[in-house]
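Comments concern the structure below.
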Amino acid sequence: QVQLVESGGGLVQPGESLTLSCAASRRTVSTVGWYRQAPGKQRELVALITNSRTRNYADSVKGRFTISRDTGKNTVNLQMNSLIFEDTAVYYCHLEGTDYWGKGTLVTVSS
């Protein structure tokens, strides 16, 4: 069993930055993904990071978001810069290949 807890969401203005954190209850070598679900839309992949730090990003966030992981702290962060209205969503972290999801953290980009 692994519990995932997201934190760091909030209300920001367009162009501002936010860092989300996903804390796992124990060490994992699984690939970790950040996903998001906007109102009325399907959940979509935002970024992935493997245990060897290989990263993949959705085209919509490339150049603006950075995913990183700290194995010692069992955390995976998502640094989000230059936020736009379309980034508004609930953000979830997920251990790829498992049923483990966090409960999400809300990011709202509004002027």
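Residues are listed down the side, and each one gets a yes or a no for (1) within 14 Å of ASP87 (Cβ to Cβ); (2) surrounded by 15 or more Cβ atoms within 10 Å (Cβ to Cβ):
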position	(1), (2)
PRO39	yes, no
VAL46	yes, yes
ASN51	no, no
ARG55	no, no
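Return the total of residues in segment 1-54 being of a type in the set (Gly, Ala, Ser), within 21 Å of SER111 (Cβ to Cβ) and in contact with a strand residue (DSSP E or B) (Cβ under 7 Å, 6 or more places away or on another chain).
Within segment 1-54, residues that are of a type in the set (Gly, Ala, Ser), within 21 Å of SER111 (Cβ to Cβ) and in contact with a strand residue (DSSP E or B) (Cβ under 7 Å, 6 or more places away or on another chain) number 5.
Determine whether ASP87 is acidic (Asp, Glu) and farther than 18 Å from GLY10 by Cβ.
The answer is no for ASP87.
Restricted to segment 64-76, and to residues that are open to solvent by 40 Å² or more (accessible area, probe 1.4 Å) and in a strand (DSSP E or B), which residue is farthest from THR31 (Cα to Cα)?
THR66
Could you list, in sequence order, all residues of segment 29-53 that are β-branched (Val, Ile, Thr), free of Cβ contacts under 8 Å to residues at least 60 places away in the same chain and more than 17 Å from GLN79 (Cβ to Cβ)?
Answer for segment 29-53, where residues must be β-branched (Val, Ile, Thr), free of Cβ contacts under 8 Å to residues at least 60 places away in the same chain and more than 17 Å from GLN79 (Cβ to Cβ): VAL29, THR50.
List the residue pairs whose Cβ atoms are under 8 Å apart, where the first residue sits in segment 93-111 and is under 20 Å from SER68 (Cβ atoms), the second is at pLDDT 95 or above and among the basic types (Lys, Arg), and the two are 6 or more positions apart or on different chains.
From segment 93-111, the pairs are VAL107/ARG36.
Is it true that some residue in segment 77-98 is more than 11 Å from the chain's Cα centre (by Cα), in a strand (DSSP E or B), exposed (fewer than 15 other Cβ atoms within 10 Å of the Cβ) and of a type in the set (S, T, N, Q)?
no
Would you mention how many residues in segment 11-28 are over 16 Å from LYS73 (Cα atoms) and assigned to a loop (DSSP other than H, G, I, E, B)?
Number of matching residues: 5.
If a residue has to be under 19 Å from GLU6 (Cβ atoms) and part of a loop (DSSP other than H, G, I, E, B) to count, how many in segment 43-63 make the cut?
Total satisfying the criteria: 3.
The values are calculated or read from the model by the stated rules, or taken from the named source; none is laboratory data. Please read these numbers as outputs of a predicted model, since none were measured by experiment. Counting neighbours? That spans all protein chains shown, and the Cβs are built from the backbone with ideal geometry, glycine included. We work out accessible area using only protein heavy atoms, side chains counted, and drop any ligands, DNA or RNA first. Shrake-Rupley method; radii C 1.70, N 1.55, O 1.52, S 1.80 Å.
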